[in-house]
Each structure stands twice: as structure tokens, then as C-alpha cells.
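Report on the structure given below.
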Amino acid sequence: MKDYATLRDIQDDLARGTVSCADLVKHHLRVIHLKKHLNAFLSVYEEEALKQASFIDHKIKSGTAGRLAGLVVGIKDVFAYKHHPLQAGSKILDGFISPYNATAIQRLLDEDAIIIGRQNCDEFAMGSSNENSAFGPVLNDADNTRVPGGSSGGSAVAVQAGMCRISVGSDTGGSVRQPAAFCGVVGLKPTYSRISRYGLIAYASSFDCVGIFGTNVEDVAHVLEVIAGADEYDSTVSKKPVLQYPKELSQPPNKKYKVACFRETIDSPGLQTEIKKNLLDNLDKLKTAGHTVDALDFPLLEYSLPTYYILATAEASSNLSRFDGVRYGYRSPSTSDLQSLYKKTRTEAFGKEVQKRILLGTFVLSASYYDAYYTKAQRVRQLIRNKMQEIFKTYDFILMPTAPTTAFKLGEHTSDPLEMYLADLFSVLANVAGVPGISVPCGVDGKGLPIGLQILANDFEEANLLQFSAYLMKLN
Amino acid sequence: MNLSKYTAVIGLEVHAQLLTESKIFAADSTAYGSAPNTNVSAITLAHPGTLPKLNQKVVALAVRMGLACHSQIARFMIFDRKNYFYPDLPKGYQLTQDRTPICKGGYVSIKLDGVEKKVQLNRIHLEEDAGKSMHVEGTDETFVDFNRAGVPLIEIVTDPVIRSSAEAYAFLTEVRKLVRYLDVCDGNMEEGSLRCDANVSVMLKDAIEFGKKVEIKNMNSIRNVQRAIDAEIERQIGLLEQGVAIVSETRLFNADTGATYSMRTKEELNDYRYFPDPDLSPVEISEHWLDEIRLSMPALPEELIQKFTTHYKLPFYDAEVLTDTKDIAQYFEEVCKHVSNYKAVSNWIMGPVKSAMNELTLTANEFPVSAVTLAELIQLVESGKISFSVASQRILPELLKNVGTSPLEVAQQLNVLQSSDEDSILPVIDSVVADFPDKVQEYKRGKKGILAMFMGEVMKRSKGKADPKVANQLLLKKLDEK
């Protein structure tokens, strides 16, 4: 099968009749089977996807097909898809079938995207390596001894390996951008509240974002246009109008950008030398092309990680209370009374990382520590937000590495949680501040492992962010 | 026991289920008595990925109550999560308002032995109800019905300013009257749509510091709240008199024994880890919205009392009785549209109508005699066509039995229509005067009391149909002529 660069190329051929949705689905199914060892998919909806493909092929013939006709999508195991299993990579939702569609999923289906399967991820989206899944780790297709990043590891690998064209993931502290960087694909985390969270299993509600993986910026723009926007089921979603991102992308402004970078990221002691060099090279290229590049001090950067881990775990400890073995999912078979039902169910079915974060969150919310941790972290979050807003008054974008290193070995950081948490050092900032961020592939390191470059923009500046991302990818 | 040495300090927490069609954060019905687990959507059951969506109507109802209680209405509020595990709590937390209650302060006026007291409120806040656990007796099985989970509640919290069970009784009666007037809650304590917990402590009369407080739950009527408080005050004083310290705890009232029993001590209580719910955007109550709510508010009892004493010129007592429930007040006003003697209407409703309602245990809404029909009946009396006693004792019972019949028809059937036309009454008077010449002489000599005998005779001979007023006048004229 032809190697299509973008969805638009596919749709051109679909219109010409030189390819069909059925061909596309069959192609991706072949890759999925071929790359089964990567453990990217938890369920593959083979028959259903084929049936849907032939249905959409009819619609194409009759000229009634939706905007995403021909797009084969995989979804992270955190999105409610009606009548399909949903487990958040956890044993605690054993056997659970969602009775409804997440808003993002509903909008994909309404525009004739074909959902090919459910993707592996860290349990409840908690992790940076996809080693916390109850269904085993996902392997990086660039090097099978290495992790794909997390928590949306399965989603990143699926796009990397060509198992689907687009993956829909979730990004709470970098869970889309960091695996995108590790796998050499594009990963977008839009502005907080840009996409409805209805039907996305909550990890940390005030950070959670629906994110999009693709091989190119244009495909991501198409999907964003479809799934973003107001939703009556999510009171926190923004009512700001959704722009026509693909159209904006096709009309890039011929302007000189003002780009900022942080000294704290460039001089970060944990930063892999090749990534540092890659970043500096890119900054030089931008300067050469006539754009303004300034290095700024951002001393608050080091506080974004602890701020994130306090607030995110606080929210998580409460969000995960509903998994109690009473109404659905796993219930311990050896319970004797109410207390043991809760204790045994949650001890047996939650993984270690999830338990750790629930305990941490419960601690920071407890009456005697609330002000010292939760209240203080909220204040720091506000400070960081204000500072970012101030920077975006002068600069169009902030450029920084997506992660301090390229993909690390499986098991490399599992013994030291703090080292693992440092993998999020550069990605949590966007979630703490609520601004949009994207990771774009920018070459490889000495071992041939993908390097990701991260771009942040001001609230709701996705159109500019996508334009600049496409521009930067062309420079490389 | 020397009760007079002590003062009781009481604070009440009243939960009222709001009269909305759907739940506070989901579209499920709030209907009472549906089959178990039939009003339960994915949101109510806290399925993974669901988010709450605020029902705007609950805000309007809570604001109504706040305005009626003279509270300060929040212009900006959030919901908080109260975290604890229980099978009837689907999300593992209850959405409530900890730091930004929708209404702050305010008061409810009560009257006790003619003395008015303003019971200060601490707050009124919004929250969601939990489901219901049902333990099957004799087994270790428990079933949970989530129909009630997510039903909207307001919690009205008083300051610790109530000093006796009688005050608590008066306060609750007033609150129930208010919620019913405002269509905020049906006020039904037996079905649990109005619930009350009481915090009770006692201290020596001249003490400055409050005693240890005990929370009492499980009282399903206003009367039982009063009984429970009395029992608790007596229990606490008894312990203090014996030198035993009071333990802060939660106690349950047993209506059969009239005593309270320990449920759990406060030390065992949860740390609820309140924090702002990040799934619900903050709610802003705009000036415009507030105005809309104000305009949609039904009149309050105090406003009606004002209207009844000025516009209808009723005595204060009448106004108070007639505004006891909204139904009665509306019924009165409805009747007054057709009758100009408002005091007569008041007498009718406070008298025969109320006693018929009590006898048949009907509310004004359920009363089978329409306002128009009652107005016709009152008119018949007012115009002298029938006497009050005939109207109330003979015609009203007929109207209650045969809904839709007209009072005039009934009067005709019973042959009780009075004659007020002089031509038909005069011959009767003539015959009575002619038959008792000696009595006429006694009257002339100044024994005016004999008039009653003449009137009695006239009414007897006219078979009660003569209008007494007209007959009286004609009789006086006749006697003075002689």
C-alpha cells in the first residue's frame, strides 16, 4: 500500500477511488498483527472496523462522508467508547464495558473516523514509561529494549509503527508529548479546556487534557478541529470558537517570530548532551532565518514538578475513590465486611504507582497538612501561570526539550521513582500553566533514538502553534 | 433534678430536598418511590469519565430560600468535594459547599408566647443527597438504591442560638412553612424530604463557655425533634449533676422509647479532606439572574399578613391564621374576588371551612368546594337568602358530598331559602301580633325583651325562611305603630 503523507492525500485517493477505507483498515490491521510484540493495543476491533470501513466507503460514493473519512484511529484505554471495554490499564476495571461515548470519541465517529482499537497505557495514566500497565509494558518500535514513554505509550507506538494513523491520548503532565518525543511522532496537548473531558477517565481533573498523536502536524490539526469546542456535558470546557486549524495551517503567515527559551532548561544538569545540542542548533536555525530568539531566566521552573505532583495526586486520590468494588469492575473475592471490601479490592487491583499517588494525594489533602501542601501548591501554580502569561505578552513561543533524555531502557528507572518523575521535568509546565504544548520530532541521537522538541504557546493559540510546528519541522 | 440552673444551647441543621424534576448534577428524575435503581444514569452511578453538570434550577431555589431568610447571597461560588467511602456514595465523595455557601447569614423569625425572636442562620448551602442502603435483616447482605443519589438538597444551618426545644419546634415549623410557601421543598418529614439534626449542649446559666456538644439524628417529625431535644437536655444535666463529663458524640433518637442512643463518638469521625471540585466550573450569580429569581418568588407569609391586614382590613389574628399555609391564603384571596365582605370570608374560612378540612383531613388544595362555590354560599348569607347556621350546618355538608352542585340549588332542594321580601313576611307578622295582644301590651309598657318571643314566633311560622333582619325591622315598625 502507498505510503500516504497526510490524511488529505488519503482523502484525494478515496475520492478518486484508487483506495478504499477497507484497504486502509486492512493495511493497519496487518501492521497491528505484525507488531503484536510491541503490546500497543489491548483490544483490536477488527470486524467492527472493517464493517465501518465498508459503510463509510458507501458514504464516500454517495458524497455524504464526514470530514475524517479514511482516518483510522486508535484510542488510549482511558476513553469511554460505548459498548466497548474500558480499563485505564488497570485490573480494577476488569470486565467493565462503557455504556456511553466520550465527547471526543462521539465527535470522531460523527465525522466518520474509524476506531481500530484500544491502546495500552500506564495505569490511570500515571507513569512516564508505560511500565505501570496491568497489561504489561509497551515496547518502543525504534528499539525494543526501550520504553515508549508514558503514560500514552501504546498510543505513541501505534502511530510510530503505523498501526493507525492517529491516536487519541491524554496528557496530564506530559503523557502525550513525552511519548511522542520518545517515539519520534507529533504529540499535541491543547490548551486546558479546549477539548471536552467528558468520557475521559479522570486522573487529575484540573490538568487532564485530551491530546492527539500523528505523524504530521496537518493530520493533528484535522482531528483537533473536529474534537475541540464547547460541550454541554463538561462545565469546565471553553466556549471559545474553534478555528479551522487545517485551513490556518495552509496559510502560514510570512512573519518573524519572537521565541523564548529558558536558561534553566538549557543548563539543566540532567539534560542529555545531544538533546541540548539539538535545541541549540534549532535556536540557531531560527536566528539565521531572521527570528528573534532570547534566553530568559525562569527560576520557577524547578517548582513546577513538585507543584504538579502535589495537586495532581490530591485530585487523583479523590477521582479514584469511585473505584471501590461496589458498582462495577473488580471486587475482591475474599471480603468479609465493608472495610475489607474496600481495602482488599483496592489493594489487590490497584498497581503500586497508583497506590503511591493515592496515598500521597490523601496526605496532602488531610486537615493538618492541607495548607502546607495543597494551598501552597495552588499559590505556586498561580504564580507560574502569571509568569507564563507575562512571557507570552512579549514572545510568541517558548522552545524547550520535551524530555531531558531520549527513550530509556525498560526497567532503568523503575527502582528510583524520583528519577522517573524527572522525565516529566519539562513537560509538566504546560499542564501547570494550562497552556498548549506540542512535541515535534527533531532528528535522532547517537543511538538513533528520536529527539523531540517542545513548543509552548499562549492559551488558545493552537493555530499559531501548529503553524510554527510545521515550519520548524521543515527547517530540520 | 435542678433544670433551672442550666441553659441549653441548640443549633439545628435542616436538610431540605429541593423540588426539581431532575437531579442536581444529572438529568435523572428525582421522583420519590420509583422502583430501585431506575433513576440512575452513568453520571449518577459515577461511571468512569462522567462529569457533573449543574442543574441551574437548584441555584434559583436555594436563592429563593436565602432571600426569604434575609441571607446574603453569594455572587460567586464553587462546589467542594467531601471525601469518604460508603456504598451509597457513588463517587466516593459528596459534592457540597464548604467555603462558599450560596447563602450566608440571615435569620428566621419565630414567635413564642407572643414574643418574637430572630433565629440567626449561619448559612444555607447546596449539596447532593446520597443513595439508600438497605440491610436485609437476618443476613449479611446489603442492597443499595441509587435513585436518591444526586437529589438536590439545601442544608440550613443555624447559629447555636436556640435555647429550648420549644424554640426549636417553632423554628422548624416556620422553616417548613417557608419552604412550602416558596415551592422549595414539600416539607414532608416522614418521607425524609425535610430532615433535621440537632446539636445540643448545656451549661450553667452564668457560664460563658458552651458545654460539650452532642449531635442527635433520626427524628422524623417536628414533634420528635422537640422530644429528642428535651430528652437530651435532661440526660446531659443528669450526667453533669452526677459529675460525669459529657462526651462529644452522635446519638440517635428512638421515637418509641423517647430516649437517645450513642451511635459513634466524634473521635472516630473522618477527615473529609474537603477541596474545591475541579470538575465543576465556578458559578456566578449575576444581578440579572438574581432579579429574575426575586421576581419569580411567591409572596411570603409576612408579606401576606401585611396585605391581609391592610388591603382586606382583617384583624391581625385572622391574617395570621389565614396565612398559616399558602393553600389557605390563596383560597381566601380567591373567594375574596367574588365577595366584598372580606371579614365574612375570613370568618367562613377560619370557622366552618377549616373545621371541615380538619374533619376530612384535607388541605385547601384538596378541598372539594371551589372558591367560587364558597363565594356563592357566602353571598346567599350576605344577601339574607339563608341564615349562617343553615348555610354552614346544612348546605356546606351537601356541597362537600356532591361536588359541583350550586349552593342555591341545594338551598332550594332543602327549602331553606329565606324571604326578605316584605310582602311575604308582613302577613306573618300581622298574624303573630294579632294572636298575642297581651304580649303587645307588655312590650308597650317597656318590656322590650319580649321582642325575642315575637321574632321566634315569626321565624317559626315562616318555617325559618324569613330574613331575620328584615323581619326584625318590620316587627319593630309594627309594634311601634300600635
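The values are calculated or read from the model by the stated rules, or taken from the named source; none is laboratory data. A quick note: this is a predicted structure, and the numbers were derived from the prediction, not measured. For neighbour counting, all protein chains shown are included, and Cβ atoms are generated from backbone atoms with ideal geometry for every residue, glycine included. Heads up: the accessible areas ignore ligands, DNA and RNA and are worked out on the full protein's heavy atoms, side chains in. Shrake-Rupley method; radii C 1.70, N 1.55, O 1.52, S 1.80 Å.
In this structure, A:Ala156 does not satisfy being within 25 Å of A:Val31 (Cα to Cα) and surrounded by fewer than 23 Cβ atoms within 10 Å (Cβ to Cβ). Taking the stated definitions as given, is A:Tyr198 open to solvent by 10 Å² or more (accessible area, probe 1.4 Å), over 23 Å from A:Val444 (Cβ atoms) and within 14 Å of chain B (Cβ to nearest Cβ)? For A:Tyr198, the condition - open to solvent by 10 Å² or more (accessible area, probe 1.4 Å), over 23 Å from A:Val444 (Cβ atoms) and within 14 Å of chain B (Cβ to nearest Cβ) - is met.
Residues in the range B:153-186 that are more than 10 Å from the chain's Cα centre (by Cα) and either outside the structural domain of B:Arg123 (by TED's automatic domain parsing) or in a loop (DSSP other than H, G, I, E, B) (or both): B:Asp159, B:Pro160, B:Val161, B:Arg163, B:Ser164, B:Leu182, B:Asp183, B:Val184, B:Cys185.
When A:Phe426 is tested against (1) assigned to a loop (DSSP other than H, G, I, E, B); (2) aromatic (Phe, Trp, Tyr); (3) open to solvent by 20 Å² or more (accessible area, probe 1.4 Å), just one condition goes unmet, and that condition is (3).
Which ones in the range A:107-142 are outside any loop (DSSP other than H, G, I, E, B) and under 22 Å from A:Ile451 (Cβ atoms)?
Within the range A:107-142, just A:Asn140 meets the criteria.
Given the criteria modelled with pLDDT of 95 or more and in a helix (DSSP H, G or I), does B:Arg148 qualify?
Criteria not met by B:Arg148.
Is the range A:404-416 home to any residue that is β-branched (Val, Ile, Thr) and assigned to a helix (DSSP H, G or I)? Taking every residue of the range A:404-416 in turn, none turns out to be β-branched (Val, Ile, Thr) and assigned to a helix (DSSP H, G or I). If you scan the range A:100-151, which residues turn out to be open to solvent by less than 10 Å² (accessible area, probe 1.4 Å) and of a type in the set (S, T, N, Q)? Those that are open to solvent by less than 10 Å² (accessible area, probe 1.4 Å) and of a type in the set (S, T, N, Q): A:Gln119, A:Asn120, A:Ser128, A:Ser129, A:Asn130, A:Asn140, A:Ser151.
Exactly one residue out of A:Pro404, A:Pro436 is open to solvent by less than 20 Å² (accessible area, probe 1.4 Å) and closer than 26 Å to A:Ile195 by Cβ, and it is A:Pro436. List, please: which pairs have Cβ atoms under 8 Å, are six or more places apart or on different chains, and start with a residue in the range B:45-57 that is facing chain A (nearest Cβ under 7 Å) and end with one that is in a helix (DSSP H, G or I)? These pairs meet every condition: B:Ala46/A:Arg322; B:Pro48/A:Leu93; B:Pro48/A:Arg322. Among what's in the range B:187-205 and is charged (D, E, K, R) and in a strand (DSSP E or B), pick the residue that is most open to solvent (accessible area, probe 1.4 Å). Checking each candidate, the answer is B:Arg195. Does B:Asp324 qualify as being more than 19 Å from the chain's Cα centre (by Cα) and either of a type in the set (Asp, Glu) or in the same structural domain as B:Val108 (by TED's automatic domain parsing) (or both)? Criteria not met by B:Asp324. Taking the range B:268-380 and the helices (runs of 4 or more DSSP H) fully enclosed by it, the elements with 3 or more residues that are of a type in the set (Val, Ile, Thr) are at B:301-310.
Please indicate, with yes or no, whether at least one residue in the range B:12-26 is buried (at least 23 other Cβ atoms within 10 Å of the Cβ), within 14 Å of chain A (Cβ to nearest Cβ) and not small (Gly, Ala, Ser). There is at least one residue in the range B:12-26 that is buried (at least 23 other Cβ atoms within 10 Å of the Cβ), within 14 Å of chain A (Cβ to nearest Cβ) and not small (Gly, Ala, Ser).
Among the residues of the range A:293-347, those identified as in a loop (DSSP other than H, G, I, E, B), within 14 Å of chain B (Cβ to nearest Cβ) and either touching a residue at least 24 places away in the same chain (Cβ under 8 Å) or touching a Ser or Thr at 6+ places or on another chain (Cβ under 8 Å) (or both) are A:Phe323, A:Asp324, A:Gly325, A:Tyr328, A:Gly329, A:Tyr330, A:Arg331, A:Thr335. All conditions but one from (1) among the small types (Gly, Ala, Ser); (2) in contact with a Cys (Cβ under 9 Å, 6 or more places away or on another chain); (3) in a strand (DSSP E or B) apply to A:Gly443; the one that does not is (2).
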